[in-house]
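Note sheet for the following structure.
The values are calculated or read from the model by the stated rules, or taken from the named source; none is laboratory data. All figures in this text were calculated on a predicted structure; none of them were measured in a lab. Here the Cβ is made from the backbone with ideal geometry for all residues, glycine too, and neighbour counts use every protein chain on show. To get the accessible areas, we keep the full protein, side chains included, count just its heavy atoms, and leave off ligands, DNA and RNA. Shrake-Rupley method; radii C 1.70, N 1.55, O 1.52, S 1.80 Å.
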Amino acid sequence: MKSYGLVLAGGGGKGAYQIGAWKAMREMAISFEAIAGVSIGSINGALIASDDYEKAVSMWNNISVDKGVNITSALPDPENLFSTKNWGVLFKEFMKNKGFDASPAKQFIGEYISEEKVRKSNIPLAIVTVQLTPEITPLELFTSDIPEGQLIDYLMASADIPLANNIGPEGEKKFLDGGAYDNTPVTLLKRNGYNRLVVVDIANIKGLNHDLDFRNSEIVYIRPYSIDDLGASFDFDSATIARRIEMGYLDTKKAFSLLLGKIYHFEPSVFRAMVKSYGAKAVEQLEELAYALKIPNDCVYSQVRFLTELKIAFEAKREEEKAGMEEKETEKENKYISFFKLFSKQKSENDFQEAIAILDNIVL
């Protein structure tokens, strides 16, 4: 397998997706020539540079809000820091302490990342942060640029928690999350001579200086169908973490053509057989309908399982809408159940006729 430069975007708790991506790339024996990470991507990048996969998995399995910030009052939603349920507590905490104490995050990360191993690694690691004092200065730093003994501090500076104290080399609020400058630092590696890249993107935020220039480069771009599928950045629920890891694993296999599908995941032979049977347009419609009906996309489907689950969900939606329709609606409207309501206002049931015809012909 080829070696690549690895770019890891920031995104808080969504970073678990990158560990799933790493799992798949390990299975494919993909190696890395260099790593550039931002925010949680810098923390994951340090673990990857030191080849500490088991520690990375353990870190994500044990991560929680209380290991990131010290909140003196109980949170109504302890799994999701910035949940609306927590706003009252967070406001009181902020007013009382002029910020949130993020010292637990440094201690937690330090339990899993060995600065010595990162420095001894043959894989150069670069991180991005923004220094706020004495003047605002974006920083793109390789490990060799970071003073000895301060790697964890600079990782925390890159992964700045909003409104937090005790972050960064000085132990004070003097840094801003690197994502504000460039949340997907492709150009950082390209400028340093790495032109074959794997990019694992987990956020819609790009940063003020972001330039996603893929020209004359070999790029494998890994990203969920929708970033929203990864949930909230500060949601650390264990089931959500597990789902993110699995999604990253499956999407990475898709990025390397070991799985196929626009939204869902199929073995190549299964997907191509569906296209041969129904046509590419109809298969795309089937995937879009399944997504609208909230059929999970974190597993590998056989044709039978996918169509069966879609048929069941579609008929359930059909019955639900029939029950709420007024008697004056026509028979044709009843047949298509105003299915476009599941999509944007620009969509109509006609956009899904081929998929609906397939489902109507399936007998369970």
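Things to note:
- Accessible area per residue for region 16-61 is 26 Å², calculated with a 1.4 Å probe on protein heavy atoms, without ligands, DNA or RNA.
- A Förster distance of 30 Å, applied to the separation of the beta-carbon atoms of residue 303 and residue 323, puts the FRET efficiency at 0.45.
- With a Förster radius of 51 Å applied to the C-beta separation of residue 192 and residue 361, the computed FRET efficiency comes to 0.35.
- Based on protein heavy atoms only, region 181-304 ends up with 45 Å² per residue of surface accessible to a 1.4 Å probe.
- Region 274-289 - phi-based ³J(HN,Hα) in whole Hz, Karplus 6.51/-1.76/1.60, Gly and Pro as x: 5, 4, 5, 6, 10, x, 4, 5, 5, 5, 4, 4, 4, 5, 5, 5
- Element breakdown for region 236-326 at a 1.4 angstrom probe: carbon and sulfur atoms account for 55% of the accessible area.
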